[in-house]
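A short write-up of the structure that comes next.
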Amino acid sequence: MPTTIPNMMKAIQLIGHGGPEMLQYRDDIPVPSPSEDQVIIRVSAAAVNNTDINTRIAWYSKNDSNSSDASWSGEPLVFPRIQGADVCGIIVAVGNNISKKRIGERVLIEPCFSDENGYYGSECDGGFAQFTVVAAKHAYVINSTLSDIELASFPCSYSTAENMLTRANVTSRDRVLISGASGGVGSAAVQLAKARGAYVIAITSTSKNQQLLSLGADQVVSRDTNLIEILGENCIDVVIDLVAGKQWPTFLELLKPKGRYAVSGAIGGALVELDIRTLYLKDLSFFGCTLLEPEVFQNLVKCIEQGKIKPIVAQTFALEEINTAQSIFLKKKHVGKIVLTIPQE
């Protein structure tokens, strides 16, 4: 049944860098129009991510004196901005170059792309709104019995995890160590690494051990323990790191010669100490992971459709409750994703 597209919509606008007060719930935001190669998506659900908060607080800025470079690209953000990179929805209109047959498709949006408009949900508007526009090539049709809320838990965290595993070429022969394993990306990496047949060791807090084992982790170790004593030096083929911080040099000691290290987060601290001799004497390979490899998102969609991975939704909130959702997200007591539901009227 065709969707009537209103002129105005409800959305959360980020009006500047700062605290939660920088997020404003509005019901008078113009609905975006698609360019020739874009589609309009009616958003059903959108998940909360670290990047939303990092962008708001100008965490990406490397300049302490101002926040002019506080975006993924290092360019100044233009405010107001609608964030949200984790979206499930329905295509309701298309640009002139896109087949009208796509109208009505249930889709997931490929979250980590950069084109002429910048990164989705960062330099260009994202999914914390009733409607969003995106290039048609980044809207992937999904055939699944999972709910919109469950599907919205996948795009950002699972594609980030799959991209890290792809870049590090994880196979069934590998022992894989995953830091921050209870978070959205970490719990996704546990499932996806197991889907590849790897032996998975998850680092988390003791209270979350059983939850990680139920996701398929072969071994769980506490983030407060001495990893060298527990695991031993030169025992890990691949480190999937989402934490960094003071424990970072230990990860390199754990890696076998010719080991691979992939990173896509630094919630434990962005500045680390590297003994460059460890890097070259052990012939290690480092992979910084943001932009997705071309095959990653389609591979993820196939995994979802085939039931190889399962959604992990910790909690849901209404769109206007975004401050509460982000506050709970920052406490890091949950496993999986916190998802916002979008009003459909």
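The values are calculated or read from the model by the stated rules, or taken from the named source; none is laboratory data. Nothing here was measured: the structure is a model prediction, and the numbers come from that model. Note: ideal-geometry Cβ built from the backbone for every residue, glycine included; neighbour counts use all protein chains shown. Heavy atoms of the whole protein, side chains included, go into the accessibility calculation; ligands, DNA and RNA do not. Shrake-Rupley method; radii C 1.70, N 1.55, O 1.52, S 1.80 Å.
Among the residues in the stretch 143-166, are any touching a strand residue (DSSP E or B) at 6+ places or on another chain (Cβ under 9 Å), β-branched (Val, Ile, Thr) and open to solvent by less than 10 Å² (accessible area, probe 1.4 Å)?
No, that holds for no residue.
Specify which of the listed residues (Val190, Val200, Val243) is surrounded by 21 or more Cβ atoms within 10 Å (Cβ to Cβ), in contact (Cβ under 8 Å) with a residue 40 or more places away in the chain and of a type outside the set (Asp, Glu).
Working: Val190 fails: in contact (Cβ under 8 Å) with a residue 40 or more places away in the chain; Val200 fails: in contact (Cβ under 8 Å) with a residue 40 or more places away in the chain.
Answer to the selection: Val243.
Please work out if Ile322 is at pLDDT below 95 and in contact with a Leu (Cβ under 9 Å, 6 or more places away or on another chain).
Details: at pLDDT below 95: no; in contact with a Leu (Cβ under 9 Å, 6 or more places away or on another chain): yes.
When the stated conditions are applied, Ile322 does not pass them.
Going by what's in this entry, would Ile240 be described as aliphatic (A, V, I, L, M), more than 22 Å from His138 (Cβ to Cβ), outside any loop (DSSP other than H, G, I, E, B) and modelled with pLDDT of 95 or more? Talk me through it step by step, then tell me what you get.
Working: aliphatic (A, V, I, L, M): yes; more than 22 Å from His138 (Cβ to Cβ): yes; outside any loop (DSSP other than H, G, I, E, B): yes; modelled with pLDDT of 95 or more: yes.
So Ile240 passes the test.
Residues in the stretch 44-63: is at least one modelled with pLDDT of 85 or more, of a type in the set (Asp, Glu), surrounded by 21 or more Cβ atoms within 10 Å (Cβ to Cβ) and over 19 Å from Leu146 (Cβ atoms)?
For the stretch 44-63, residues modelled with pLDDT of 85 or more, of a type in the set (Asp, Glu), surrounded by 21 or more Cβ atoms within 10 Å (Cβ to Cβ) and over 19 Å from Leu146 (Cβ atoms): present.
Quick one: is Gly84 open to solvent by less than 20 Å² (accessible area, probe 1.4 Å), in contact with a strand residue (DSSP E or B) (Cβ under 6 Å, 6 or more places away or on another chain) and in a loop (DSSP other than H, G, I, E, B)?
Spelling it out, Gly84 is indeed open to solvent by less than 20 Å² (accessible area, probe 1.4 Å), in contact with a strand residue (DSSP E or B) (Cβ under 6 Å, 6 or more places away or on another chain) and in a loop (DSSP other than H, G, I, E, B).
Return only the number of the condition from (1) loosely packed, with under 15 Cβ neighbours inside 10 Å; (2) under 30 Å from Gly19 (Cα atoms); (3) in contact (Cβ under 8 Å) with a residue 24 or more places away in the chain; (4) β-branched (Val, Ile, Thr) that Thr316 does not satisfy.
Of the numbered conditions (1) loosely packed, with under 15 Cβ neighbours inside 10 Å; (2) under 30 Å from Gly19 (Cα atoms); (3) in contact (Cβ under 8 Å) with a residue 24 or more places away in the chain; (4) β-branched (Val, Ile, Thr), the odd one out for Thr316 is (1).
Testing Lys208 on (1) touching a helix residue (DSSP H, G or I) at 6+ places or on another chain (Cβ under 8 Å); (2) within 19 Å of Pro311 (Cβ to Cβ), one condition comes back false. Which one is that?
Unmet condition: (1).
Would the stretch 203-222 turn up any residue that is of a type outside the set (Asp, Glu), on the phi > 0 side of the Ramachandran plot, out of contact with any Pro (no Cβ under 9 Å at 6 or more places or on another chain) and open to solvent by 40 Å² or more (accessible area, probe 1.4 Å)?
If we filter the stretch 203-222 for residues that are of a type outside the set (Asp, Glu), which is where we start, we get 203-217, 219-222.
Now drop any that are not on the phi > 0 side of the Ramachandran plot, which leaves 216.
Filter again for out of contact with any Pro (no Cβ under 9 Å at 6 or more places or on another chain), leaving 216.
So of that shortlist, the ones also open to solvent by 40 Å² or more (accessible area, probe 1.4 Å) come out as none.
Among the residues of the stretch 203-222, not one is of a type outside the set (Asp, Glu), on the phi > 0 side of the Ramachandran plot, out of contact with any Pro (no Cβ under 9 Å at 6 or more places or on another chain) and open to solvent by 40 Å² or more (accessible area, probe 1.4 Å), which makes the answer no.
Kindly indicate whether any position in the stretch 208-226 is within 21 Å of Asp86 (Cβ to Cβ), in contact with an Asp or Glu (Cβ under 8 Å, 6 or more places away or on another chain), of a type outside the set (Ser, Thr, Tyr) and assigned to a loop (DSSP other than H, G, I, E, B).
No, the stretch 208-226 contains no residue that is within 21 Å of Asp86 (Cβ to Cβ), in contact with an Asp or Glu (Cβ under 8 Å, 6 or more places away or on another chain), of a type outside the set (Ser, Thr, Tyr) and assigned to a loop (DSSP other than H, G, I, E, B).
If you take the residues in the stretch 319-331 that are within 18 Å of the chain's Cα centre (by Cα) and open to solvent by 70 Å² or more (accessible area, probe 1.4 Å), which one is farthest from Ile267 (Cα to Cα)?
From the stretch 319-331, those within 18 Å of the chain's Cα centre (by Cα) are 322, 325-331; that's our starting set.
Filter again for open to solvent by 70 Å² or more (accessible area, probe 1.4 Å), leaving 330-331.
Values: Leu330: 10, Lys331: 12 Å.
Applying the filter and picking the extreme gives Lys331.
Starting from the stretch 271-300, take each residue that is at positive phi and list its partners that are surrounded by 11 or more Cβ atoms within 10 Å (Cβ to Cβ) and at pLDDT 95 or above, counting only C-beta distances under 9 angstrom and pairs at least six apart or across chains.
Filtered contacts from the stretch 271-300: Asp283/Gly259.
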